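Please see the structure below; I have some questions.
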């Protein structure tokens, strides 16, 4: 009895504090106070969109499109790698894109990685080997910021997992340097919105003003397989490549999943039948 | 610690006889989860979740120990070693996804287990100790899961750790030194990461210890059941093995199908993308949210938006932050008093019309709403919704339950479990024993007068 009385008193007390001090003033403010203002850039924000036809690795039956991954690697090497690292990926991993051992060796050698001069012990660079990881473009964050108008280009290894709907995000962002909608712009400018010098408008970026200038232009690179290098094509290819770098085990994971779940459904079916068999006669109608 | 009719372990071969003499471990297992443990025959699927929770604990320990072989708790390399596990360790991605989603599924199972206990009042006498130990396990799980989420040292790890340890700073006078002592510094850093790893490795074994106590306490009165009527005689029970081992086996299969589906096809759905960005003390994420299973409690924490002041004087009695902290811890501590707040002698919610309405139309929507607003930004209307739900949460346990249990007229109970299952049973007088008074279908709870309306239906 004492516990229940105390419980009721404490319960009413907590509720009174919550309702009288927090809820009622908050509700009053919400109803009659000035409406909460969203930041001006909210009107521009867009949700990531998929390229037409989606990606080959989408869905539970997805597969890598090796030609696309190789094209995406070409985009990374010729465009992105100037500013962005790929530090969790090693050259040996490129074999998973369909390159032969010799091709990987040759490819690794085209990159310069940090090394030590065997004679003097001084820091130097040397051609990469398959066991090396992709080199960072800048020696440190200070250098990266200094070279990029104070914005540090993020490492791309995990980019598609570090953003919501990441693969489509990368595709939309790179393909998404558009002019702002004039109507929305007029409205947002009233609230003080602007795209400062050195930043670039992109409705897919978190606050729509991105430090990275547009990077992709038609026919910027020449694909080995003859695919026409349009901006959407290159955007989709790099998005596919970065999906692979973020999760090389993606396809293996899904394929393993089919086997595991097929086995479990079979085993659970057996478990269900034995459960029914054992319980036969133990259960009768309840009502 | 069992019913009189429980089967006895009889070693057959010379070897098992020898073992039984030296160390009767097979006997213990036989009595605990074998044919020697009589269980009510009418348990429904909600009674599967205890075994599933035990399975989850083992799964987390096995995958966790393997991950610990490749992980390094150092802020310089922690994030990288997790990526090393994902990329270079054979099937490391599977171990890590199983561990991360295993935590989520552990909480799903535990929440269903707790809701089973709440609906069927499994916390009532004579099972209070099982419930109390269960709340202790839940608190230990929360601590373990929180520290585990810090280990990958991503953005949410770091900022989550900062926010949660910051709660201790709200305690008057000792708050700030306590927070620094807990973290080993002014902000989460190497010292914090290292001790979190150490404790994250230790606590699951502490949980395993409390689980043993939990099961021990369970075996003294035996399992509760959906009617809430106590076991009276042998026909009310069946041996745990093979009946419930087979049922739990099927339940485990269904659980594993759902679990592996998440692990292999949607492994990051319950996580947060920001945790794939390495921790950066200089860059605050736009929205700091804990893992989904903490969201209801996070919503309660954030519901208190104003200091408790003496009106028109400006004197602050309790700061809003401290109010939130008290409410958040109070929201779980209140469970410790549940056996004494809900005094209805009827256990099962099935026979309690008022309780049932408040459960399905009050508590369940309230918890769903708290989970939803816990993950929403701190702006209207989410704040208002979280305040309404928080108020209901405390009213439900502290005010509604005591009053309902006082004024409610329960529906008639079946005479026995056997009657509930088969539709008929020997009436009082024709009892075949069992050592209990057959008139008392429901044991009166300590401190309450048995009331005529609660006798078994005739």
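In a Debye calculation with equal point scatterers on the alpha-carbon sites of the protein assembly as shown and no solvent, what is log10 I(q)/I(0) at q = 0.06, 0.12 Å⁻¹?
-0.48, -1.44
Could you let me know the centre-to-centre spacing of segment B:372-391 and segment A:71-113, using Cα atoms, in angstrom?
After rounding, the separation between the Cα centres reads 48 Å.
Right, another one. According to a simple spin-label model (label point 7 Å from Cα along Cα-to-Cβ), what is the distance in nm between residue B:257 and residue B:2?
Between residue B:2 and residue B:257, the simple spin-label model gives 3.3 nm.
Here is a further query. Based on the alpha carbon coordinates of segment B:168-318, what radius of gyration and maximum Cα-Cα distance (Dmax) apply, in Å?
Rg, Dmax (Cα atoms, Å): 23.9, 69.
Could you tell me which of rounded, prolate or oblate describes segment B:166-219, using a ≥ b ≥ c as the square roots of the eigenvalues of the alpha-carbon gyration tensor, with rounded for a/c under 1.5 and, failing that, prolate when a/b is larger than b/c and oblate otherwise? Please list the in-between numbers first.
Details: a/c = 5.37, a/b = 1.93, b/c = 2.78.
Verdict is oblate for segment B:166-219.
Whole angstrom only: what separates the Cα centroid of segment A:222-263 from the Cα centroid of segment B:206-239?
Using only Cα atoms, the two centres lie 52 Å from each other.
Next up: Quick one: P(r) of segment B:284-377 from all Cα-Cα pairs, 10 Å bins, percents rounded to integers, in order of increasing distance.
Per 10 Å bin, starting at 0, the Cα pair percentages come out as 14, 32, 30, 19, 5, 0.
Using only Cα atoms, tell me the angle between helix B:320-333 and the longest principal axis of chain B; keep it within 0 to 90° and round to the nearest 10.
30 degrees
Per-residue Cβ counts within 10 Å, from other chains only, averaged over A:160-169: what number is that?
Counting Cβ atoms of other protein chains within 10 Å of each residue's Cβ and averaging gives 3.
Taking only Cα atoms, what is the 0 to 90° angle, nearest 10, from helix B:49-68's long axis to the longest principal axis of chain B?
40 degrees
Listed highest first by mean packing, meaning other Cβ atoms within 10 Å per residue, what order do A:127-137, B:263-273 come in?
Ranked from most to least packed, the peptides come out as B:263-273, A:127-137.
How far is helix B:155-166 tilted, in degrees, relative to the longest principal axis of the Cα atoms in chain B, given as a value from 0 to 90 rounded to the nearest 10?
For B:155-166 against chain B, the angle is about 80 degrees.
Per residue of chain A, what 222 nm ellipticity follows from adding -39500 (n - 2.57) for every DSSP H run with n ≥ 4, rounded to the nearest 500?
That calculation yields -13000 deg cm²/dmol at 222 nm.
For segment B:50-202, max minus min Cα coordinate along each principal axis, in Å, sorted largest first?
52, 49, 21
For segment B:1-44, what Kirkwood radius comes out of the mean inverse Cα-Cα distance, in Å?
By the Kirkwood definition, the hydrodynamic radius is 11.4 Å.
Contact order normalised by length for chain B, with contacts defined as Cα pairs under 8 Å and 6 or more residues apart; what percent is it? Please report the intermediate quantities before stating the final value.
Values: 599 pairs, mean separation 93.1, N = 458.
Reported as a whole number, the value is 20 percent.
Here's something else I'd like to know. Classify segment A:79-180 from the C-alpha gyration tensor, please: rounded if a/c falls under 1.5, else prolate or oblate depending on whether a/b exceeds b/c.
Taking the square roots of the gyration eigenvalues as a ≥ b ≥ c, segment A:79-180 is oblate.
Given that compact globular proteins tend to follow 2.2 N^0.38 Å, what is the ratio of the alpha-carbon Rg of segment A:176-272 to that value?
Details: Rg = 22.5 Å, N = 97, 2.2 N^0.38 = 12.5 Å.
It is 1.80.
Let me know the volume per residue of the alpha-carbon convex hull for segment B:79-161, in Å³.
Residue-normalised Cα hull volume stands at 96 Å³.
Compute log10 of I(q)/I(0) for chain B with the Debye formula, placing one identical point scatterer on every Cα and leaving out solvent, at q = 0.08, 0.10, 0.13 Å⁻¹, to two decimals.
-0.56, -0.85, -1.27
If you wrap a convex hull around the C-alpha atoms of segment A:48-101 and split its volume per residue, what is the figure in Å³?
For segment A:48-101, the hull spanned by Cα atoms encloses 133 Å³ per residue.
Another one. Give me a single rounded figure for A:88-100: the average over its residues of other chain Cβ atoms within 10 Å of their Cβ.
Average per residue, whole number: 1.
Mind giving me the FRET efficiency for residue B:115 and residue B:163? R0 is 35 Å, r the Cβ-Cβ distance, nearest 0.05 is fine.
Once the sixth-power term is evaluated, E becomes 0.80.
Turning to a different aspect of this structure: Extending each Cα 7 Å along its Cβ direction at residue A:273 and residue A:220, get the distance between those two points in nm, one decimal.
With each label placed 7 Å out from Cα toward Cβ, I get 5.9 nm.
Just to be sure I understand the model, the point goes 7 Å from the Cα along the line to the Cβ. What's the resulting residue A:63 to residue A:150 distance in nm?
Placing both labels 7 Å beyond Cα along the Cβ direction yields 5.0 nm.
With r defined as the distance between the Cβ atoms of residue B:317 and residue A:207 and R0 fixed at 41 Å, what FRET efficiency is calculated, to the nearest 0.05?
So, using R0 = 41 Å, E works out to roughly 0.55.
Based only on the alpha carbon positions, what is the Kirkwood hydrodynamic radius of segment B:346-391, in angstrom? Before the final figure, lay out the partial values.
Working: mean 1/r = 0.0858 Å⁻¹.
After inverting the mean inverse Cα-Cα distance, the result is 11.7 Å.
Output the Kirkwood hydrodynamic radius of chain A, Cα pairs only, in Å rounded to one decimal.
Numbers: mean 1/r = 0.0413 Å⁻¹.
Computed over chain A, the radius equals 24.2 Å.
Please express the shape of segment A:119-234 as an equivalent ellipsoid: the semi-axes are the square roots of 5 times the eigenvalues of the C-alpha gyration tensor, given largest first in whole angstrom.
In descending order, the three semi-axes are 33, 21, 14 Å.
In terms of the Cα gyration tensor, with a ≥ b ≥ c the square roots of its eigenvalues, is segment B:238-339 rounded because a/c is under 1.5, prolate because a/b exceeds b/c, or oblate?
Oblate, because a/c is 1.5 or more while a/b does not exceed b/c.
Determine the calculated [θ] at 222 nm for chain B from helices alone, applying -39500 (n - 2.57) to every DSSP H run no shorter than 4 residues and normalising by the residue count; nearest 500 deg cm²/dmol.
One gets -17000 deg cm²/dmol as the mean residue ellipticity at 222 nm.
What is the ratio of the Cα radius of gyration of segment A:9-71 to 2.2 N^0.38 Å, where N is its residue count, to two decimals?
Rg over 2.2 N^0.38 Å, computed on Cα atoms: 2.40.
Further question: Other chains' Cβ within 10 Å of B:237-247 residues: what's the mean?
Taking all residues of B:237-247 together, the mean is 3.
Counting pairs of alpha carbon atoms under 8 Å apart in space and at least six apart in sequence, what relative contact order in percent does chain A give?
Relative contact order comes out at 23 percent.
Okay, moving on. Pairs of alpha-carbon atoms within less than 8 angstrom and 6+ residues apart define the contacts here; what relative contact order does segment B:149-212 have, in percent?
The value is 23 percent.
Further, regarding this structure: Starting from the Cα coordinates of segment A:1-130, work out the convex hull volume and express it per residue in Å³.
Expressed per residue, the convex hull around the Cα atoms of segment A:1-130 is 391 Å³.
Gap in Å between the Cα centre of segment B:162-200 and the Cα centre of segment B:11-37?
48 Å
Values in this text are rule-based calculations from the coordinates and carry no lab data. Computed from a predicted model, the values in this text were never measured in an experiment. We place every Cβ from the backbone using ideal geometry, glycine too, and count neighbours over all the protein chains shown.
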